[in-house]
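Every number here is computed from the coordinates shown, using simple stated rules; none is lab data. Everything numeric in this text was worked out from a predicted model, so none of it was measured. All Cβ positions, glycine included, derive from the backbone under ideal geometry; neighbour counts span all protein chains shown.
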């Protein structure tokens, strides 16, 4: 039965109270409360890493919270797995679908169920599933095989799986991230008809426009905490939401010398590229970075920032436009060519790209230096020199490890990042491309990374700094570009940048009105 | 509520045992452990084999002693063991080089046959006129064996590097192609009087044997060890240098651990795949060359008792270490030789199989610490 905390209004489908979820080194959810009413679409808004998905994974039984309690339809629950959650009428559609490509829609819906025990009479189930889909406004052919379906249709199969299992609460984790605009419209119509039929929906997103369109209420999270709980979306402007989401905190002041830009080092012109999903990820990006300048790129993850770094360093082909480094055309040249031109790269994926986990620290430190003397002597590698080189870097960058023969995978996140920075800085960079350089690091390591990046600026290298941490970008950069859906939608001198406006641009709002923080701006969708 | 206290929960009841086995991932592997587990695994394998022998009605101790004597008991049999080990060292190196980069070359057998064919072609086509001195013929045959084996190895390399074709399937299938290719030549163009073998090579195409020196040193009389062993040992040293000390070796290690990191470091991954496959094929081809020039002195159909396949086990047991390959190859040469002495002849194959199984199983000990815990009541 609802307790006295229940606010007046429709009954609650879900009530989460004081949820705390810790991961090693991270407090992902810090005493979070969350309410979902019956028959509403409730948006959960926040930047990447704000703790939205974690909170919903707790609700779905994937994670067990360190503390806190959960009530579903008035009953205290403690889920040990998503199977328990679905039994209580609660299901989640993740960003990565769990479908068997070679099987039909019907087979995928029935997978894991006790009935039918043998594959008999699937046709009868086809009809049953087609009927269920129709009732919820989902257009689907139950006999189609998954690989024949578009991403939007596959998402419908995931929703259908949950509905077939009797879900009355649907959790959708960034459902529009994989959808084309028309598909998103169709999804919104489906969700609307489902809540009209009495279902309840949690809609995780970081796009303000769609949140305003689809959600009845919004809960905003930032750094593991709720900054706005269940405010009605009708009475809230996107500018207010943007500020709640991005926030503004007093930074530890970072000492920066005056901005003395030199000649242009990196020049990117109208660059276009295709992302991993086969969709355009960069749609005509142009920018210049000068020697002694840090250009920060802000944006919500997945708007083309990673692809920009990959195209500049030669790891991803571009489909249009050009890139020059110190005047040399390096468009679509292999990584070797950019390395030779002293382009250093601190990649986003430290363990998968930035290091070889099962090789030694020494082997990892020479990744950019092994071709040239003094490490290389013609065909051979001078192992004595490798040892001295690695020991030198380990000492000056304070990489905490028993020896340079230790495997890189044994390093902590901060030490691994020190290793990567040591290696990249040792390559005497003219251009430094740093992607999420402090993600997941502790305060001390973050300070080290910031200090090293600023020292590079001082030394006259150009820096492309890509980070989802807006405070970091603002603190380090001279100029700041905002990326949204593969384009640069705003370029500012950091001194004149306005957080509310940047937040709005990051989330697809327009910056036509140069609004003061807090003053409502009309939504442009 | 406090953390971790299970509340009312609709889960299924589990059957409770009084203890549980837990595997904990090892963070650091002590230096001595890999060698110790390998030795332990071999001991376990021998014990298991002994049990099987005993069940079959044999005396395991006597059988093992007999096997040892048959392979290491006298200079003569030691020499025979080393002759068997020679092609295993080279094919084992071929597999080790490829496996280091996580290229699963299952085609050393086919590359071995193609190398044997290429070497034979030098004297059978013939490429060199009859009576060409050995000092020219032998190096030419080595080059031909490596070239044909290497080219044959490059096929799966090119397919994988540029078309993403699975190398396991391709190398496996190419083994059959190579066997049929050799069969065609020994049955057809090179057949001697319609038999499925070629004429004997001229003496200039024979690798020198220790017994050749018997005239001056009588002890060497009857010893079959041939110059191929020297070639194999030199190859082991060179491969070790390549893997440990060279730039190419560094790239191979890097790609083997993380192709994405290698690309990030500016390594041309596709090119390395082709190069390493060609090198692997060349080593296997060289093995084929030493076998036709050092042992049988002609090309024939049944030239390999599966050296290319045993090589996979040899490389694996050696943990892809070139010097380890030499040791493992000698051990397997001994098992092959002892197989002739033991009835039924399936026993050595069984021992090989059990050794491989227990080695694979021993990996668990390397990666995990095994804990047995009493379950709290």
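Taking packing as the residue-averaged number of other Cβ atoms within 10 angstrom, the listed peptides B:326-337, B:120-131 run from highest to lowest as B:326-337, B:120-131. The mean number of Cβ atoms from other chains found within 10 Å of a Cβ in peptide B:144-157 is 0, as a whole number. Computed from the Cβ-Cβ distance with R0 of 35 Å, the FRET efficiency linking residue B:168 to residue A:459 stands at 0.10. Plainly put, chain A has a radius of gyration that is 1.01 times its Kirkwood radius, both from alpha-carbon atoms, as the Rg/Rh ratio. With both labels modelled 7 Å from their Cα along Cα-to-Cβ, the residue B:260 to residue A:225 distance reads 3.4 nm. In chain B, the longest principal axis of the Cα atoms and the axis of helix B:346-367 are about 40 degrees apart.
Helix B:108-124 sits at what angle to the longest principal axis of chain B, using alpha carbons and giving 0 to 90 degrees rounded to 10? In chain B, helix B:108-124 runs at an angle near 10 degrees to the longest axis.
Helix B:134-163: angle to the longest alpha-carbon principal axis of chain B, degrees 0 to 90, nearest 10? That helix lies at roughly 40 degrees to the long axis.
Divide the volume of the convex hull of the Cα atoms of the protein assembly as shown by its number of residues and quote the answer in cubic angstrom per residue.
Numbers: hull volume 203.7 nm³, N = 902.
Enclosed volume per residue, from the Cα hull, is 226 Å³.
Once C-alpha pairs closer than 8 Å and six or more residues apart are averaged by separation and normalised to the residue number of chain A, the relative contact order reads 15 percent. For the stretch A:76-91, list residues with backbone N below 13 Å from a point placed 7 Å from the Cα of residue A:17 toward its Cβ? Zone members listed by number: A:76-77.
Per residue, the average separation of C-alpha pairs within less than 8 Å and at least 6 apart gives the stretch B:261-377 a relative contact order of 11 percent.
Simple spin-label estimate for residue A:255 and residue B:196 gives 8.3 nm between the two label positions (7 Å along the Cα-to-Cβ direction from each Cα). Looking at the protein assembly as shown, the DSSP beta bridges with both ends there are about 60 percent antiparallel. Sorting B:185, B:117 from the fewest to the most surrounding beta carbons within 10 angstrom yields B:185, B:117.
Under a 10 Å cutoff between Cα atoms, tell me which one of B:248, B:298, B:260 has the largest fluctuation in the Gaussian network model of chain B. Greatest mean-square fluctuation among the candidates belongs to B:260. Computed over chain A, the per-residue total of -39500 (n - 2.57) for DSSP H runs of n ≥ 4 gives a 222 nm mean residue ellipticity of -9000 deg cm²/dmol, rounded to 500.
Defining a contact as two alpha carbons under 8 Å apart and six or more residues distant in sequence, what relative contact order in percent does the stretch A:352-427 show?
43 percent
FRET efficiency for the residue A:499 to residue A:143 pair, using the beta carbon distance and R₀ = 56 Å, is estimated at 0.60. Computed extension length for residue A:410-residue A:102: 106.9 nm, one decimal, from 0.36 nm per residue of separation with the Cα-Cα distance subtracted. Every helix of 4 or more DSSP H residues in chain B counts as -39500 (n - 2.57), and over all residues that averages to -21500 deg cm²/dmol at 222 nm. Sort the stretch A:155-290 into rounded, prolate or oblate with this rule: let a ≥ b ≥ c be the square roots of the eigenvalues of the Cα gyration tensor; rounded if a/c is under 1.5, and if a/c is not under 1.5, prolate when a/b is larger than b/c, oblate otherwise. Note, shape of the stretch A:155-290 comes out oblate. Shielding by partners for peptide A:350-359, expressed as the average number of C-beta atoms from other protein chains within 10 Å of each residue's C-beta, is 5.
GNM on chain B, alpha-carbon springs under 10 angstrom: the most fluctuating residue among B:147, B:113, B:366 is B:366. Across all directions, the average projected area of the convex hull around the alpha carbons of the stretch B:71-341 is 14.9 nm². Put the Cα centre of the stretch B:88-138 next to the Cα centre of the stretch B:305-339 and the gap is 18 Å. For the stretch B:228-377, what does the alpha-carbon gyration tensor say about shape, rounded, prolate or oblate, given a ≥ b ≥ c as the root eigenvalues, a/c under 1.5 as rounded, and a/b over b/c as prolate? Because a/c hits 1.5 or more and a/b fails to exceed b/c, the stretch B:228-377 counts as oblate.
Averaged over peptide B:253-263, the number of partner chain Cβ atoms lying within 10 Å of each residue's Cβ comes to 6.
Counting other beta carbons within 10 Å of each residue's own, what order do A:79, B:241 fall into, fewest first?
Sorted ascending by nearby Cβ count, the order is B:241, A:79.
Sorting B:319, A:368 by the number of Cβ atoms found within 10 Å of their own Cβ, with the fewest placed first, yields B:319, A:368.
Under a Gaussian network description of chain B, with springs only between Cα atoms under 10 Å, the residue in B:359, B:229, B:53 that fluctuates furthest is B:53.
Take the alpha carbon gyration tensor of the stretch A:323-439, find the square roots of its eigenvalues, order them as a ≥ b ≥ c, and report rounded if a/c is under 1.5; if not, report prolate when a/b exceeds b/c, else oblate.
Oblate.
Each peptide in A:497-509, B:93-105, A:391-403 was scored by the mean count of other Cβ atoms within 10 Å over its residues; highest first, the order is B:93-105, A:497-509, A:391-403.
Each peptide among B:30-42, A:266-278 gets the average number of other Cβ atoms lying within 10 Å of its residues, and from highest to lowest they stand as A:266-278, B:30-42.
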